[in-house]
Every structure is written in structure tokens, then in C-alpha cells.
Amino acid sequence: MGTLDGKRVLLVIGGGIAAYKSLDLIRRLRERGASVRCVLTKGAQEFVTPLAAASLSGQRAHTDLFDRADEADIGHIRLARDADAVVVAPATANTLARMAGGHAPDLASTVLLATTLPILIAPAMNVRMWLHPATQRNLALLKGDGIAVVGPNVGRMAEAETGPGRMAEPDEIADAVEALLAGRPDGGTLLAGRHLLVTSGPTHEPIDPVRYLANRSSGKQGHAIAAAAAAAGARVTLVSGPVTLPDPLGVTVVRIETAREMLAAVEAALPADIAVFAAAVADWRPANLGDEKIKKGPDGPPPLGLVENPDILATIARRREGRPPLVVGFAAETTEVIAHARAKIARKGCDLIVANDVSTATGVMGGDRNSVHLIGRDGSLETWPVLPKDEVARRLVVRLAALTTTP
């Protein structure tokens, strides 16, 4: 049996290049047992055809508000009622604006205004459009109206730009449909009532006022975890080292530079129900910080003495008071990934280790994809395939929810 057996989905396809993914979404939903009926906006028809949508769904695709055959029995009302859920994918900036403002100039927007069914939107647009205050205001209004949201993901756009705005993948949207119909909009109550603390990015350890020690961490995985946890209903505190990423929506962000600053910010953010230490914290810092820029001299490079930084993961995992019930560490390794991770979980005292290979050939550090191993204190091992970092984050949040009890 499929996970959506007997469920009826009305798919509204908006006018964006991501509409091509909506055709695959039809297939994914039907593979899970759902029946799918499609409504295409005028813009959507510039990217995909009603015939393609009808062929994949096995049902006629609808396009016109004033279709004589449909409107003889008030077809837009029938469409608005004859389903179990409405999915808008891609949900363009224009579609979000129409929904938030209650405008209904075409069939798609009229159906969305007339329906009382659960609605899931999968936003997709240029990064600047997504981050524009007007779009964020519209999104906040829609969330306030109880509309569920999946994505957008961070990735490369059609315009050769990179950032948030890429439509969620078809399987992610299908998962969100399952959650919506199970009464958990986008998993939005999975972590409701919990405080989740996440660290992300690198730390910078100053040598002098100009130079510092650092690593290649981009913060993409940690930020994705924070965003996924917020989407799952958690109150999220993100302690972030220096990154160039936008702040995740609905997340309290504390910015730091050094490992010692990160530890202080983490301790100040406690208590937490779950702590995820995804940051790539520098193991060492210079023993002496120059007050002025160190200049070249006749004696060659000056000696650079190092001292060990505090171990943030071990410090929190071994607290006698105020320890989060679930402490998750990350192990970024270049060789013997699983062996080193098993040793780390025993040494640090955490409950779960997410291990990954960050050697240069993998492209994980700074990249958009990741392949991880989940290792538990009981020795359990689970290996995930190569996935977008947003999907790794979403799956990890689901796992964390399962490992914690309802507050």
C-alpha cells in the first residue's frame, strides 16, 4: 500500500522555471497512491503544457476560470472542495502576493481563495525576490493563516545565482504532503514546544589585527539544520561563526568569531532540549595575540605558538547540570571516517554523532551536498546517500524528533 492511498491532491502549478519539477511531483505523488488533479496558471503554461500534466496525472488539467464546460457547474468551487489537500508548486512571488492579498484574477487564485482544504506551498523564485521584504511579509501572513510551507532550498538558480529560493525537491514535497494530511503541516509540530540549539560555521582565531586561523566551513549544513528545526516548530537559537549565508527565517542568531566566544554564547543559550554542534570549531588558537600587524623581518617568519581551544561539544555533553537531554556532535574527517567518529562519541560523551568525509575530493566543505553516517552511543550505524544539505537537515530533524519525548 502507498503512504497516500486514497488521497486526492489538487496541484496548482505556478509560472516559474521550477514548473518542470512539478511534472515529476505528479509522478511521486501517484507512486505513493494519491490521485492528482492539476490547475496551471497562464505563466505555468509557458514552461509546461496542460497535456503533459494531464498525461502524467491521468486527469484533465484545468487552466481557465471561464471554461464553459467547467463553470456550468461552478467548476472553481468544485475544484476547491473535491480534494484532500491543495499543493502549490512552484509558488512564485506573484502567487504568494495574490494569496496573501486575497486577489483572485484567474482560476488558480480563485480556487485558492475558495478552498477550506489544507494548503501546502513550495516557494520558488530568484534569491532577491525571496529575500525581499514584501515576499517575507506575504509569507508571514500565509503562515499566520495556517498555510504549510516546504522549502525553499539553498542552491544554484536558473539565473546562475546561488542562495535561498530553489524549489524543494519532489520527494521533499511529497513527504510534506504526507505530513500535512497526517495533521503535521510540513512536520510543523514535530518539535513544537522544544528549544533547539545549533552551532554553525567556522571560528576565526586572530593572530594579529589582520590575520587569523580558520577553516573552510561554509556553515551551510548548520544553517540548514536550524532552518529545518524552525520549520518543524522548534524555538531555535543558532550560534554562528563568520559566514556569508542569510539568517534562517524564524531563528534567533547569535554571531561570534572565536571558539571561546562560541562556548560562552552556547552556555548563555541554555537550557535547551536538543543541542546540535555542527560548527567546525578551530582546535587551536595562537598563544599570543599581536596588538599590531606582525611585519616581515630579517630573521624570517616569527614562531607561531598554539594553545588548545575549549572543547565545546565535550563541555556541554559532560555537564552535570543543565545538560540538554539530546546532544548531537558532528565529526568532519578525511580518513577512517566511521572509526574516528566512534572514538569521538565515546570521548566526548554525546548521544549521537553525524560523521562525514570532508576530504577535498568530496567537495562537502563549502558545497551544497553531503553524505553522512549517523552513529549512536549504542554503536548503531546508519549511512545516508549523497543528499542536498537541506534534505540531510530535514531528515536529521525528523530523527531528532523521534529520539526525544513530547514535552
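Some points to look at:
- Residue satisfying condition, being in contact with an Asp or Glu (Cβ under 6 Å, 6 or more places away or on another chain) and at pLDDT 85 or above, within set Pro133, Pro170, Pro105, Pro123: Pro170
- Against the numbered list (1) out of contact with any Leu (no Cβ under 8 Å at 6 or more places or on another chain); (2) surrounded by 14 or more Cβ atoms within 10 Å (Cβ to Cβ), Val276 comes up short only at (1).
- Among (1) part of a strand (DSSP E or B); (2) without any contact (Cβ under 8 Å) to a residue 40 or more places away in the chain; (3) closer than 30 Å to Gly155 by Cα, the one test that Val307 misses: (3)
- Val86 vs. criteria crowded, with 18+ Cβ neighbours inside 10 Å and either under 23 Å from Val127 (Cα atoms) or of a type in the set (Lys, Arg) (or both): no
- Residues that are among the aliphatic types (A, V, I, L, M), out of contact with any helix residue (DSSP H, G or I) (no Cβ under 6 Å at 6 or more places or on another chain) and over 16 Å from Ala85 (Cα atoms) do not occur anywhere in the range 24-41.
- Consider the range 319-338 and keep the residues that are in contact with a Ser or Thr (Cβ under 8 Å, 6 or more places away or on another chain) and in a loop (DSSP other than H, G, I, E, B). The one that is surrounded by the most Cβ atoms within 10 Å (Cβ to Cβ) is Pro325.
- Any hit, the range 369-388, residues being farther than 18 Å from Ser217 by Cα, surrounded by fewer than 21 Cβ atoms within 10 Å (Cβ to Cβ) and among the hydroxyl-bearing types (Ser, Thr, Tyr): yes
- Residue list for the range 226-267, restricted to those being more than 12 Å from Ser200 (Cβ to Cβ), of a type outside the set (S, T, N, Q) and at pLDDT 95 or above: Glu257, Ala259, Arg260, Glu261, Leu263, Ala264, Glu267
- So Asp351, is it in contact with a Gly (Cβ under 8 Å, 6 or more places away or on another chain), touching a residue at least 40 places away in the same chain (Cβ under 8 Å) and over 29 Å from Arg260 (Cβ atoms): no
- Matching residues, the range 221-236, being closer than 11 Å to Pro248 by Cβ and surrounded by 24 or more Cβ atoms within 10 Å (Cβ to Cβ): Gly222, His223, Ala224, Ile225, Ala226, Ala227, Ala228, Ala229, Ala231, Val236
- Residue within the range 64-82 that is aromatic (Phe, Trp, Tyr) and either modelled with pLDDT of 85 or more or not assigned by TED's automatic domain parsing to the domain that holds Gly16 (or both) present: no
- Taking the criterion of being among the hydrophobic types (A, V, I, L, M, F, W, C) and closer than 12 Å to Pro206 by Cβ, the only residue of the range 268-286 that qualifies is Ala282.
- Residue within the range 251-262 that is among the charged types (D, E, K, R), part of a loop (DSSP other than H, G, I, E, B) and farther than 23 Å from Gly349 by Cα present: yes
- If you filter the range 1-57 down to residues that are hydroxyl-bearing (Ser, Thr, Tyr) and in a loop (DSSP other than H, G, I, E, B), you find that the one that is farthest from the chain's Cα centre (by Cα) is Thr49.
- Considering residues of the range 93-122 that are of a type in the set (S, T, N, Q) and under 23 Å from the mean Cα position of the chain (by Cα) only, the residue surrounded by the most Cβ atoms within 10 Å (Cβ to Cβ): Thr95
- Criterion (assigned to a loop (DSSP other than H, G, I, E, B), of a type in the set (Val, Ile, Thr) and surrounded by 10 or more Cβ atoms within 10 Å (Cβ to Cβ)) met by exactly one of Ile294, Ile316: Ile294
- Each residue in the range 114-146 was checked for being under 27 Å from Lys7 (Cβ atoms), without any contact (Cβ under 8 Å) to a residue 12 or more places away in the chain and assigned to a helix (DSSP H, G or I), and 2 pass.
- The one condition from (1) modelled with pLDDT under 95; (2) under 24 Å from the mean Cα position of the chain (by Cα); (3) in a loop (DSSP other than H, G, I, E, B) that Ala355 does not meet is (3).
The values are calculated or read from the model by the stated rules, or taken from the named source; none is laboratory data. Remember, predicted model here, so these are calculated numbers, not experimental data. As a convention, Cβ positions derive from the backbone with ideal geometry for all residues, glycine included, and neighbour counts pool all protein chains shown.
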